[in-house]
1. Using θ = phi - 60° and the Karplus relation 6.51 cos²θ - 1.76 cosθ + 1.60, list the HN-Hα couplings for the stretch A:79-93 in order, rounded to whole Hz, with x at every Gly or Pro.
2. For chain B, what are the DSSP H helices with axial Cα length of 20 Å or more and mean Kyte-Doolittle hydropathy of at least -0.5?
3. Mean residue ellipticity at 222 nm from the helices of the protein assembly as shown, using -39,500 (n - 2.57) per DSSP H segment of n ≥ 4 over the full residue count, to the nearest 500 deg cm²/dmol?
4. Roughly how many Å is it from the Cα centre of the stretch A:18-56 to that of the stretch B:14-92, as a whole number?
5. Any idea of the accessible area per residue across the stretch B:13-121, 1.4 Å probe, to the nearest Å²?
6. Give me the net charge for the shell around B:VAL77: Cβ to Cβ below 14 angstrom, other residues only, Lys and Arg +1, Asp and Glu -1.
7. Return a whole-number percent for the relative contact order of chain A, with Cα pairs under 8 Å and 6 or more residues apart as the contact set.
8. All other residues with a Cβ under 12 Å from the Cβ of A:ASN115 taken together, and with Lys, Arg as +1 and Asp, Glu as -1, what is their net charge?
Protein chains: 2
Amino acid sequence: MTKVKEQSTRNQNKGISELACPITYVMNKIGGNWKCTILYYLMSGPKRYSELKKLIPAITEKMLAQHLKQLKEDNLVAKKEEQEKPPITIYSLTPAADELRPILLAMAEGGIKDNKKQFQHLMGEAVS
Amino acid sequence: MTKVKEQSTRNQNKGISELACPITYVMNKIGGNWKCTILYYLMSGPKRYSELKKLIPAITEKMLAQHLKQLKEDNLVAKKEEQEKPPITIYSLTPAADELRPILLAMAEGGIKDNKKQFQHLMGEAVS
DNA sequence: CAGAATCCTATACGATACTG
DNA sequence: CAGTATCGTATAGGATTCTG
């Protein structure tokens with residue numbers, strides 16, 4: 001038994017907030033601290049696990065793997081494995097994520113516009 | 001002193017993730033569990049504190065106040081107080097938030113499209 | 001009415017070590 | 001290479017009470 005934990009108000013509320021607002025619904029899908037970053041880099045093309053790791057040095061293995069898994073569950077990224085001896089795994093955006101693309105780009109532009117200097121290092125990099 | 005807490009890797013990383021990705025930068029501004037919902041309802045026009053509370057019954061006073069404060073600090077909402085005896089406070093979107101409007105609407109559409117049934121109760125409601 | 005203050009807990013995240 | 005497992009902690013968020 002060990003205390004069923006009763007689903008914690010917190011989690012219930014997360015569900016409620018999604019129902020109250022479609023934006024929040026989307027936000028919760030891309031809402032990890034790194035999920036957007038992952039999507040951002042995948043927008044410039046499919047990438048391997050290790051490539052993502054290199055592109056986002058600050059992320060830990062755990063978060064990368066976990067977020068990729070969640071993104072896959074939410075059908076935003078597709079995973080393709082070559083069962084070679086050193087395994088190779090390619091992650092790419094799904095059509096569903098492609099629909100998010102304009103939104104994400106709009107947000108990126110908003111962010112860059114809002115703080116140009118901060119993001120000069122990114123200009124024209126990850127995004128085609 | 002009581003343990004300076006040393007800024008916790010976690011918080012550092014939040015900063016780093018913002019630098020790594022302009023989307024994340026924006027996300028962090030609208031990323032509370034209720035912030036978007038607040039913005040969403042404010043999009044249909046200025047609202048009083050108590051109106052917001054009524055519109056979002058599940059939110060606690062604490063979160064509402066806290067998020068409003070943060071949104072104000074990030075210049076996304078404006079606060080106007082009438083120093084009457086029963087105080088009246090009106091919150092509204094700032095021009096900065098108006099620039100987010102298309103993005104938020106696009107996300108809302110995305111969410112609704114993604115899960116039409118779930119959001120039928122909202123159709124044509126909060127958003128003009 | 002509009003909020004600030006206090007207290008508490010679930011959970012998201014980080015660090016590290018291990019595996020097919 | 002591409003992960004999974006385990007453990008520890010900071011923090012977001014909830015409940016409740018108090019105030020100008």
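1. 10, 10, 10, 9, 7, 7, 6, x, x, 10, 10, 10, 10, 8, 6
2. B:95-114
3. -16500 deg cm²/dmol
4. 24
5. About 52 Å² of surface per residue is accessible.
6. Result for the neighbourhood of B:VAL77: +3.
7. Rounded, it is 24 percent for chain A.
8. That works out to 0.
The values are calculated or read from the model by the stated rules, or taken from the named source; none is laboratory data. Quick caveat: nothing in here was measured; it's all calculated off a predicted structure. With ideal geometry, Cβ positions are generated from the backbone for all residues, glycine too; neighbour counts draw on all protein chains shown. Please note that ligands, DNA and RNA were not included when accessible areas were found on the heavy atoms of the full protein model with its side chains. Shrake-Rupley method; radii C 1.70, N 1.55, O 1.52, S 1.80 Å.
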